[in-house]
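The values are calculated or read from the model by the stated rules, or taken from the named source; none is laboratory data. None of these values were measured; they are calculated from a predicted model. In this analysis, Cβ positions are derived from the backbone assuming ideal geometry, glycine residues included, and neighbour counts consider all displayed protein chains.
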Amino acid sequence: MEIPTLRTDRLLLRPFRSDDFDTYAAMNADPEVMRYIEPVQDRVTAFRSFCAAIGHWTARGFGPWAVEERESGRLVGRAGVLRWEGWPGIEVGYSLLPSAWGKGYATEAARRALRYAHEVLGARGLISLIDAQNAPSIRVAERLGARWERDAVLKEHQVRVYVHPDP
């Protein structure tokens, strides 16, 4: 399957490349990045995660993109549309390097991923699964119009389910 490249004013959402792995692994090894996601990952675990992200496109027909700053060409994170096995719905998710925090990139990337999901996939009822303590991610979801619907347990972790409005 060919993974599309999407553009925003400041970002490219593009397929992951093999040369992205070192940055991806460093991001997943950062305790602050992973604080609300899952335990930090060593390189072996990060490689499995990297391959799963790429393979999600083949398994589901959609998945996460590498998020690149258009101006610098620097990889700053990942964002996309996910439906991991056991998930309660199709999720819009993202994770950024700390150097990219506070710039509005999460909102920009998630907004573009939502648009893709609605327009290309015809997906409805998209969700974001967010740790209740993750105030920045809650603000991103709310900026995008999502509203808290319920709490859920996912991989033995309590999360809040935010539902994004359909077009």
What are the residue pairs meeting all of these: first residue in the range 111-136, first residue surrounded by 19 or more Cβ atoms within 10 Å (Cβ to Cβ), second residue among the polar types (S, T, N, Q) and at pLDDT 95 or above, Cβ atoms under 7 Å, and 6 or more apart or on different chains? 112/8; 130/137
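Residues are listed down the side, and each one gets a yes or a no for (1) over 21 Å from residue 143 (Cα atoms); (2) of a type outside the set (A, V, I, L, M); (3) surrounded by fewer than 15 Cβ atoms within 10 Å (Cβ to Cβ):
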position	(1), (2), (3)
60	yes, yes, no
63	yes, yes, no
68	yes, yes, no
75	yes, no, no
96	no, no, no
100	no, no, no
109	no, no, no
List every residue pair whose Cβ atoms sit under 6 Å apart, with the two residues 6 or more apart in sequence or on different chains, where the first one lies in the range 1-29 and is modelled with pLDDT of 95 or more and the second, anywhere, is surrounded by fewer than 17 Cβ atoms within 10 Å (Cβ to Cβ) and in a helix (DSSP H, G or I). 25/43
So, in the range 7-58, of the ones that are of a type in the set (D, E, K, R) and within 15 Å of the chain's Cα centre (by Cα), which residue ends up nearest to residue 138 (Cα to Cα)? 35
Please go through the range 77-93 and pick out each residue that is surrounded by 20 or more Cβ atoms within 10 Å (Cβ to Cβ) and in contact (Cβ under 8 Å) with a residue 40 or more places away in the chain. 77, 78, 79, 80, 81, 92
Top-ranked residue in the range 95-108 [being in a helix (DSSP H, G or I) and farther than 25 Å from residue 157 by Cα; ranked as farthest from the chain's Cα centre (by Cα)]: 99
Within the range 120-164, how many residues turn out to be touching a Ser or Thr at 6+ places or on another chain (Cβ under 9 Å), within 21 Å of residue 39 (Cβ to Cβ) and not in a strand (DSSP E or B)? 2
Run residue 161 past the list (1) surrounded by 13 or more Cβ atoms within 10 Å (Cβ to Cβ); (2) closer than 16 Å to residue 111 by Cα and report the number of the one that doesn't hold. (2)
Select from the range 40-58 the residues that are surrounded by fewer than 13 Cβ atoms within 10 Å (Cβ to Cβ) and either touching a strand residue (DSSP E or B) at 6+ places or on another chain (Cβ under 8 Å) or touching a residue at least 12 places away in the same chain (Cβ under 8 Å) (or both) and list them in ascending order. 42, 58
Scan the range 109-125 and tell me whether some residue there is under 20 Å from residue 3 (Cβ atoms) and in contact with a Pro (Cβ under 6 Å, 6 or more places away or on another chain). yes
